[in-house]
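One structure is given here, and the rest of the page talks about it.
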Amino acid sequence: MARVSQEHLDARRRQILDGATRCFARSGFHAASMQDVLREIGLSPGAVYRYFGSKDELIAAIAAEVFRDVRSAFDAAARQSPPPLPDELLAQVVGQVMAARDGLRVDGRPAFPGLVLQVWTETLRDERLAALLRQGYVEMRGAWVRLVEAYRAAGLMADDVPADHVARTMIAVAQGFIAQQALFGEASSEVLKDGLRALMTMDRPARSEDRTGTR
């Protein structure tokens with residue numbers, strides 16, 4: 001029997017994940033059955049179960065892949081000296097993650113943002129998936145903390161706010177932008193970049209005691 005190349009195995013796994021993403025985005029995790037997924041992908045049960053033993057395994061694999069891509073992008077940015085500023089960086093990473101999945105559409109709309117919301121909701125009932133997302137969240141916070149430390153080392157950011165507070169805030173901004181696209185329609189990552197850049201140009205007004213020289 002001829003050996004199957006790793007390239008073929010990777011392509012087949014990609015085909016399965018993309019088809020499952022479209023199916024789940026269209027019907028929802030609970031409404032979509034494995035039969036629905038098989039019809040979407042156009043493969044036999046044996047071909048799919050070779051890679052994933054259940055619908056839950058597919059969902060977990062989709063979520064893990066997103067976290068891996070995002071974490072990799074942030075880690076790469078942290079290695080730059082100095083790293084891109086938050087407005088450029090966040091728009092770049094979100095844009096990359098969305099663009100990589102732009103071909104996955106349901107009724108003309110990107111499937112990915114809606115799927116992200118479903119994954120978040122699914123964590124309320126699936127402890128395995130919740131643990132996966134918690135781990136991914138911790139790792140992304142760590143990536144952002146390293147970025148904050150790089151900004152400070154380059155003299156770009158003050159050290160009066162804990163790095164983890166900055167990390168949590170920037171993750172929340174990215175999550176909110178993705179949620180907006182799921183609920184209200186597509187928007188370019190340039191919108192995110194412009195909004196953050198405007199916020200970053202604000203000067204904090206001096207407090208009255210600072211202006212008078214009193215404490």
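The values are calculated or read from the model by the stated rules, or taken from the named source; none is laboratory data. Note that the coordinates shown come from a computational prediction; the quantities given were computed from them, not determined experimentally. Every residue, glycine among them, receives a Cβ derived from its backbone with ideal geometry; neighbour counts consider all protein chains shown. Side chains are part of the model used for accessible areas, which takes the heavy atoms of the whole protein and leaves out ligands, DNA and RNA. Shrake-Rupley method; radii C 1.70, N 1.55, O 1.52, S 1.80 Å.
Hey, any idea what % of the chain's accessible area is carbon plus sulfur with a 1.4 Å probe?
The nonpolar share, carbon plus sulfur, comes to 52 percent.
About the Cα centre of the range 118-193, how large is the charge dipole given +1 on each Lys and Arg Cβ and -1 on each Asp and Glu Cβ? Please answer in debye to the nearest 20.
Roughly 80 debye, rounded to the nearest 20.
Ordering Met170, Met200, Met157 by how much accessible area each has at a 1.4 Å probe, largest first, what is the list?
On the way: Met170 20, Met200 90, Met157 60 Å².
Descending accessible area places them as Met200, Met157, Met170.
For Glu190 and Arg128 in the same chain, what is the full-extension length gain: residue separation times 0.36 nm, less their Cα-Cα distance, in nm?
Here the segment from Glu190 to Arg128 would lengthen by 18.8 nm.
Would you work out the charge dipole size for the chain about its Cα centre, treating the Cβ of every Lys and Arg as +1 and the Cβ of every Asp and Glu as -1, and quote it to the nearest 20 debye?
Numbers: 28 positive and 28 negative charges, 66 e Å.
Taking the Cα centre of the chain as origin, the dipole is about 320 debye.
Calculate the FRET efficiency for His30 and Asp75 from the Cβ-Cβ distance with a Förster distance of 35 Å, rounded to the nearest 0.05.
The computed FRET efficiency comes out at 0.55.
Quick check: pseudo-label points 7 Å beyond the Cα along Cα→Cβ at Ala158 and Leu9, how many nm apart are they?
Simple spin-label model gives 5.4 nm for this pair.
What order do His30, His165 take when sorted by accessible area (1.4 Å probe), most exposed first?
Numbers: His30 125, His165 100 Å².
Largest accessible area first, the list is His30, His165.
Taking springs between alpha-carbon atoms closer than 10 angstrom, which of Arg12, Arg168, Arg125 fluctuates most in the Gaussian network model of the chain?
Evaluated over the chain, the most mobile residue of the options is Arg125.
I'd like the orientation of helix 127-153 relative to the chain: the angle between its Cα long axis and the longest Cα principal axis, in ° from 0 to 90, rounded to 10.
Approximately 40 degrees, to the nearest 10.
Note down the accessible area of Tyr49, probe 1.4 Å, to the nearest 10 Å².
Surface open to solvent at Tyr49 totals about 100 Å².
Pick the calculated Rg and Dmax of the Cα atoms in Å for this structure from (1) 20.8, 85; (2) 17.6, 56; (3) 20.2, 79?
Evaluating Rg and Dmax of the Cα atoms in Å on these atoms matches (1).
To the nearest 20 debye, what is the magnitude of the charge dipole of the range 1-125 about its Cα centre, counting +1 on the Cβ of each Lys and Arg and -1 on the Cβ of each Asp and Glu?
It works out to roughly 360 debye.
Which far-off residues, 5 or more places away or on another chain, put their amide H under 5 Å from the one on Arg105, with H placed in the peptide plane?
For Arg105, the qualifying residues are Ala111.
Projected onto the charge dipole of the chain (+1 at Lys/Arg Cβ, -1 at Asp/Glu Cβ, origin at the Cα centre), which of Ala61, Gln96, Trp144 gives the Cα projection farthest towards the positive end?
Ala61
Between Val173, Val93, Val119, where does the largest GNM mean-square fluctuation fall for the chain, given springs only between Cα atoms within less than 10 Å?
Val173
So what's the net charge close to Val37: Lys and Arg +1, Asp and Glu -1, counting the other residues with Cβ under 15 Å from its Cβ?
Around Val37, the surrounding residues sum to +3.
Please name which of Tyr51, Ala78, Leu132 has its Cα lying farthest along the dipole of the chain towards the positive end, using unit charges on Cβ (Lys, Arg +1; Asp, Glu -1) and the Cα centre as origin.
Result: Tyr51.
Could you report the chain's accessible area per residue, 1.4 Å probe, as an integer in Å²?
Working: 12440 Å² over 215 residues.
Roughly 58 Å² per residue, with all protein chains present.
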